[in-house]
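Below is one structure, written out as structure tokens; comments come after it.
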Amino acid sequence: MRVISICPSNTEIMEFLGLTDLLVGVDDFSDWPVSVKSLPQLGPDLSIDLDLVEELKPDLVLASLSVPGMEKNIEGLKKRGIPHIILNPQSLTDIENDLIITANALNRPECGKEAAGQFRNRLETIKRKGAKAVTKPKLYWEWWPKPVFTPGSINWLTEISEAAGAENAFKDVELASVQTDWDDVKSRNPDYLCIAWVGVRKQKVKKDLITNRPGWNELEAVKNDRILILEEELYCRPSPRLLDGLEKLYGLIHN
């Protein structure tokens, strides 16, 4: 089969299924595994070049609704009659299910069952460790600094926090993504600041951009130098790589 992925998390699902060799094209932001960068690049995930997609004659396109604005790609695929499936995971269970859904769509159901089982076992292993944690630190996650966006309760990062033996400082807000401000964050006085700005490489995020915010020098996290500048690709993409991020997080907060 000839498969195209137009979202980084879908490309990563293909790798976890062991089916990356079926890919014949990807979006510009797909960067893992590194080998996919040698494939035809079809534009940014919010604005895929559908003419190029059509030229590659795919048997299946893995589309997504994980970022607002992706609807345009799906409308275009429908209009052109290009076979596709749409993934829109909001939770770790959804990601596990997407491994099965994708494998079934590729007529490789055994790959999906195996990958989903490995995903579940790995998650349960770290959950057992997290449950034994003596302290349950409060984590503030930051997706974007200005305006501030942070995950609410309906988000995989709330699950990641709990699995690591911690809690999301904004778990009381029943939204997937919360727009708030620095004063609100300060009032919650989290134990750790977990900074993972969407689309921004870890190396470009400087700590003083965080510590210089008005009044933030009073935060416990800043006083104790508990500012974690994290790889956005391990926390902001709804793919099985979130488990890599989870394992790393556990090590950072319970060392």
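The values are calculated or read from the model by the stated rules, or taken from the named source; none is laboratory data. Small disclaimer: the values here were computed from a predicted structure and weren't measured. Cβ: placed from backbone, ideal geometry, glycine included. Neighbour counts: every protein chain shown.
For the range 105-119, check the following and say yes or no: at least one residue is touching an Asp or Glu at 6+ places or on another chain (Cβ under 9 Å) and not in a helix (DSSP H, G or I).
yes
Only one of these conditions is not met by GLU75: (1) in contact (Cβ under 8 Å) with a residue 24 or more places away in the chain; (2) assigned to a helix (DSSP H, G or I). Which number is it?
Status for GLU75: all satisfied but (1).
Any idea which of (1) part of a loop (DSSP other than H, G, I, E, B); (2) at pLDDT 95 or above; (3) not assigned by TED's automatic domain parsing to the domain that holds CYS236 is the one GLY165 doesn't satisfy?
Checking GLY165 against (1) part of a loop (DSSP other than H, G, I, E, B); (2) at pLDDT 95 or above; (3) not assigned by TED's automatic domain parsing to the domain that holds CYS236, the one that fails is (3).
Within the range 197-207, can one find any residue that is buried (at least 19 other Cβ atoms within 10 Å of the Cβ) and either outside any strand (DSSP E or B) or within 24 Å of the chain's Cα centre (by Cα) (or both)?
yes
Being on the phi < 0 side of the Ramachandran plot and touching a strand residue (DSSP E or B) at 6+ places or on another chain (Cβ under 6 Å) is true for just one of THR135, THR180. Which residue is that?
THR180
Being of a type in the set (A, V, I, L, M) and either without any contact (Cβ under 8 Å) to a residue 40 or more places away in the chain or surrounded by fewer than 18 Cβ atoms within 10 Å (Cβ to Cβ) (or both) is the filter here; which residues of the range 101-133 pass it?
Those that are of a type in the set (A, V, I, L, M) and either without any contact (Cβ under 8 Å) to a residue 40 or more places away in the chain or surrounded by fewer than 18 Cβ atoms within 10 Å (Cβ to Cβ) (or both): ILE101, ALA116, ALA131, ALA133.
Quick one: would you say LEU23 is more than 20 Å from GLU233 (Cβ to Cβ), surrounded by 20 or more Cβ atoms within 10 Å (Cβ to Cβ) and without any contact (Cβ under 8 Å) to a residue 40 or more places away in the chain?
In short, no.
Condition first: buried (at least 24 other Cβ atoms within 10 Å of the Cβ), under 14 Å from the mean Cα position of the chain (by Cα) and of a type in the set (A, V, I, L, M). Now tell me which residues in the range 134-176 satisfy that.
Residues satisfying the conditions are LEU157, ILE160.
Cβ-Cβ distance below 7 Å, separation of 6 or more or different chains: which pairs start in the range 211-228 with a residue that is within 14 Å of ILE195 (Cα to Cα) and end on one that is of a type in the set (S, T, N, Q) and not in a strand (DSSP E or B)?
Filtered contacts from the range 211-228: THR211/ASN217; VAL222/THR211.
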